[in-house]
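The values are calculated or read from the model by the stated rules, or taken from the named source; none is laboratory data. Small disclaimer: the values here were computed from a predicted structure and weren't measured. Ideal geometry is used to build each Cβ from the backbone, glycine not excepted, and the neighbour counts take in all protein chains shown. All accessible areas refer to the heavy atoms of the entire protein, side chains included, with ligands and DNA or RNA removed. Shrake-Rupley method; radii C 1.70, N 1.55, O 1.52, S 1.80 Å.
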Amino acid sequence: MNALFWKDVRINRFPLIVVAVFLIVPYAIMAAIPFETGMSYWPRLFIQGSAFGFAGCYISLALLGGCIIATERADRSAEFLAYLPPSKRQILTSKGILLVGTAVVMTGWNLTATALGLALMDPSEMPGTSAEMMGAMAGFATIGIAAAGTGWFASSMFASTGGPVGLALLLPIVISIMLSASSSLLGWPNEDWLQHAIFIACGTLGVTLFILGCVNYLRRVEP
Amino acid sequence: MIDQSAPAIDLQGLTKRYGKTTAVADLNLTIPRGTTFGLLGPNGAGKSTTIKMLMGMLSIDAGRAIVLGVNVAESPSDMKQRVGYVPELHYIYRWMRVAEAITFVKSFYPTWNDELCDELLDLFDLPSSKKVGKLSKGMVAKLSLLLAISHEPELLVLDEPMSGLDPLVREEFLDGVLKTICRGDRTVLFSSHSIDDVQRLADHVGILFRGKLLVNRPLDDLLGSTKRLRAVLRDGCLPQQLPAGTIWQHVQRREWSLTVERFSEDLISKLQSENSVEAVDVTDLSLEELFKDYVKGARQSA
């Protein structure tokens with residue numbers, strides 16, 4: 001299992017470098033460039049950094065999810081692995097740990113930064129309650145979950161990485177557009193609930209597609 | 001539960017279809033343990049498809065494949081622990097160094113033999129620190145063989161592993177395979193275009209054509225009992241009765257050539273009594289001639 005995980009880390013080196021960049025760079029930019037937001041330095045660094053961090057989380061999870069299975073199919077190294085003893089379940093578990101682990105680390109990192117920013121913020125600077133702000137940030141994490149789940153599902157079916165990454169980037173945008181259009185044209189969901197509806201739809205679809213991707217990978221005999 | 005007394009390979013009614021094309025049709029094949037089985041066949045005969053199905057890398061449309069007593073469709077991982085496989089095209093991770101590829105593969109086999117692995121590294125002259133992507137085709141083939149045999153598999157499956165290799169690498173590769181065969185009661189299944197390689201290694205031969213097994217016999221028996229008959233037909237006469245066991249026949253003017261299996265002296269007198277022939281001449285066949293006659297005969301009857 002260790003060997004499989006090490007191999008998956010090595011194969012997904014590029015998406016993981018992107019993950020590392022998006023963990024650090026948003027905060028580095030906030031630290032280096034002074035924006036006038038009416039917030040003091042440290043709360044601004046952590047809260048705005050985490051907002052950009054979640055955007056990075058969406059991009060990097062789309063990239064990792066889209067590449068995690070399809071890369072080996074694209075260069076046909078999946079055929080090499082297919083005649084070695086690890087079962088499909090073990091191969092999938094290793095990849096799943098990498099994707100879910102990365103999602104947890106990115107989400108945890110950015111939520112911790114948000115919490116830290118809120119803790120350091122003067123109550124008079126706060127645009128809403130702490131719980132509201134934490135909830136909104138956690139909602140942004142579901143966009144990353146949607147991207148990861150879509151990428152994973154498409155990756156379990158495709159033999160190249162372009163399609164899965166593209167679909168993973170597209171789905172959260174399509175969900176947002178469709179629900180916004182529905183809200184303005186049909187009045188459902190109403191404006192107060194629109195953001196929540198987008199987050200719920202993204203989270204649900206992300207988890208569902210992740211499960212479907214697992215089923216598809218395990219059912220398929222060909223590598 | 002693994003049945004240790006079961007044949008190394010037992011294929012029952014194995015079938016694979018791609019749309020309307022049947023690549024392997026109701027194939028029945030039993031390879032006993034300790035056999036070195038050479039699978040011959042022209043391009044597109046279904047050799048690689050059969051091997052991929054028995055390695056659990058391709059879905060089976062009908063029938064079943066039992067390898068070392070394990071039903072491949074049910075638990076391919078159990079089977080793969082005890083089988084070494086060398087494909088025609090090698091897709092070992094190109095970014096791995098030779099030593100890394102060895103460490104990676106070794107981690108999956110409790111039976112890995114470090115001593116044998118080092119011996120093969122020396123024999124094949126493989127540079128441990130070089131990346132797989134930088135190795136020549138021959139080197140990658142030798143690495144693939146090393147990875148397949150260092151865990152001392154009970155069954156070694158080689159799918160045209162020597163195609164495109166130069167004669168020197170071929171020789172080294174064959175030495176490696178022979179090393180495996182000589183180490184105890186190993187079973188080897190290999191498919192090849194090279195009849196010389198099959199003749200050198202195999203003790204049993206199977207000929208596959210359009211997904212069907214035309215013959216499956218011990219090599220010595222096959223070569224010893226399959227003969228070419230050349231009969232001279234009487235003027236204006238045509239063959240009337242084909243002898244039993246005729247694989248292929250060809251008539252050119254008065255010369256009637258036949259290849260027959262399970263030849264016996266009685267066959268000559270029978271041929272003469274049932275047909276208007278003046279003289280019959282019997283010759284031995286090489287494996288290559290025999291292979292060609294089987295395939296041509298199958299094409300004739302198709």
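Quick notes on this structure:
Listed here are the residues, each with its yes/no results for (1) open to solvent by less than 10 Å² (accessible area, probe 1.4 Å); (2) over 25 Å from B:Met53 (Cβ atoms).
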position: B:Ala148; (1), (2): yes, no
position: B:Leu156; (1), (2): yes, no
position: B:Asp159; (1), (2): yes, no
position: B:Asp166; (1), (2): no, yes
position: B:Glu172; (1), (2): no, yes
position: B:Val177; (1), (2): yes, no
position: B:Ile181; (1), (2): no, no
position: B:Gly184; (1), (2): no, yes
position: B:Thr187; (1), (2): yes, no
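- Qualifying position, being outside the structural domain of B:Tyr18 (by TED's automatic domain parsing) and crowded, with 18+ Cβ neighbours inside 10 Å, among B:Ile195, B:Ile247: B:Ile247
- Flag: A:Phe22 matches the condition of being open to solvent by 40 Å² or more (accessible area, probe 1.4 Å), touching a residue at least 40 places away in the same chain (Cβ under 8 Å), part of a helix (DSSP H, G or I) and more than 14 Å from chain B (Cβ to nearest Cβ).
- Counted residues, region B:124-136 - those being open to solvent by less than 70 Å² (accessible area, probe 1.4 Å) and farther than 18 Å from A:Asp75 by Cα: 4
- Scanning region B:88-100 for residues that are in contact (Cβ under 8 Å) with a residue 24 or more places away in the chain and open to solvent by 10 Å² or more (accessible area, probe 1.4 Å), we see that the one that is farthest from the other protein chains (Cβ to nearest Cβ) is B:Ala99.
- Residue within region A:91-101 that is assigned to a helix (DSSP H, G or I), more than 30 Å from B:Val70 (Cα to Cα) and in contact with a Leu (Cβ under 7 Å, 6 or more places away or on another chain) present: yes
- Hits in region A:122-153 (condition: in contact (Cβ under 8 Å) with a residue 12 or more places away in the chain, open to solvent by 40 Å² or more (accessible area, probe 1.4 Å) and among the small types (Gly, Ala, Ser)): A:Ser130, A:Ala138
- Among the residues of region B:73-90, not a single one is in contact with a Lys or Arg (Cβ under 8 Å, 6 or more places away or on another chain) and of a type in the set (S, T, N, Q).
- Within region A:183-216, if we keep just the residues that are touching a residue at least 12 places away in the same chain (Cβ under 8 Å) and of a type in the set (Phe, Trp, Tyr), the residue that is least open to solvent (accessible area, probe 1.4 Å) turns out to be A:Phe199.
- A:Ala119, sole failed condition from (1) open to solvent by less than 20 Å² (accessible area, probe 1.4 Å); (2) over 20 Å from A:Ile17 (Cα atoms); (3) not basic (Lys, Arg): (1)
- Among the residues making up region B:98-115, a single one is β-branched (Val, Ile, Thr) and in contact with an Asp or Glu (Cβ under 8 Å, 6 or more places away or on another chain): B:Thr111.
- Residue list for region A:163-181, restricted to those being in contact with a helix residue (DSSP H, G or I) (Cβ under 9 Å, 6 or more places away or on another chain), open to solvent by 20 Å² or more (accessible area, probe 1.4 Å) and not β-branched (Val, Ile, Thr): A:Gly163, A:Gly166, A:Leu167, A:Leu169, A:Leu170, A:Leu171, A:Ser176, A:Met178, A:Leu179, A:Ser180
- Any hit, region B:108-117, residues being without any contact (Cβ under 8 Å) to a residue 12 or more places away in the chain, over 20 Å from A:Ala3 (Cα atoms) and open to solvent by 50 Å² or more (accessible area, probe 1.4 Å): yes
- Per the conditions (1) at pLDDT 95 or above; (2) not in a helix (DSSP H, G or I), the sole criterion not satisfied by A:Pro164 is (2).
- Sole residue being over 15 Å from the mean Cα position of the chain (by Cα) and either among the charged types (D, E, K, R) or not in a loop (DSSP other than H, G, I, E, B) (or both), chosen from B:Asp78, B:Asp10: B:Asp78
- In the set B:Ser269, B:Ser273, only one residue is part of a helix (DSSP H, G or I) and open to solvent by less than 90 Å² (accessible area, probe 1.4 Å); that residue is B:Ser269.
- Residue within region B:22-34 that is small (Gly, Ala, Ser), under 15 Å from A:Ala82 (Cβ atoms) and surrounded by fewer than 24 Cβ atoms within 10 Å (Cβ to Cβ) present: no
- Selection status of A:Ser50, in a helix (DSSP H, G or I), within 14 Å of chain B (Cβ to nearest Cβ) and either touching a Phe, Trp or Tyr at 6+ places or on another chain (Cβ under 9 Å) or not β-branched (Val, Ile, Thr) (or both): no
- Selection of region B:35-62 for residues being open to solvent by less than 10 Å² (accessible area, probe 1.4 Å), within 14 Å of chain A (Cβ to nearest Cβ) and part of a helix (DSSP H, G or I) yields B:Ile51, B:Met53, B:Leu54.
- Test result for B:Ala73, among the small types (Gly, Ala, Ser), surrounded by 19 or more Cβ atoms within 10 Å (Cβ to Cβ), within 13 Å of another protein chain (Cβ to nearest Cβ) and under 26 Å from B:Asp26 (Cα atoms): no
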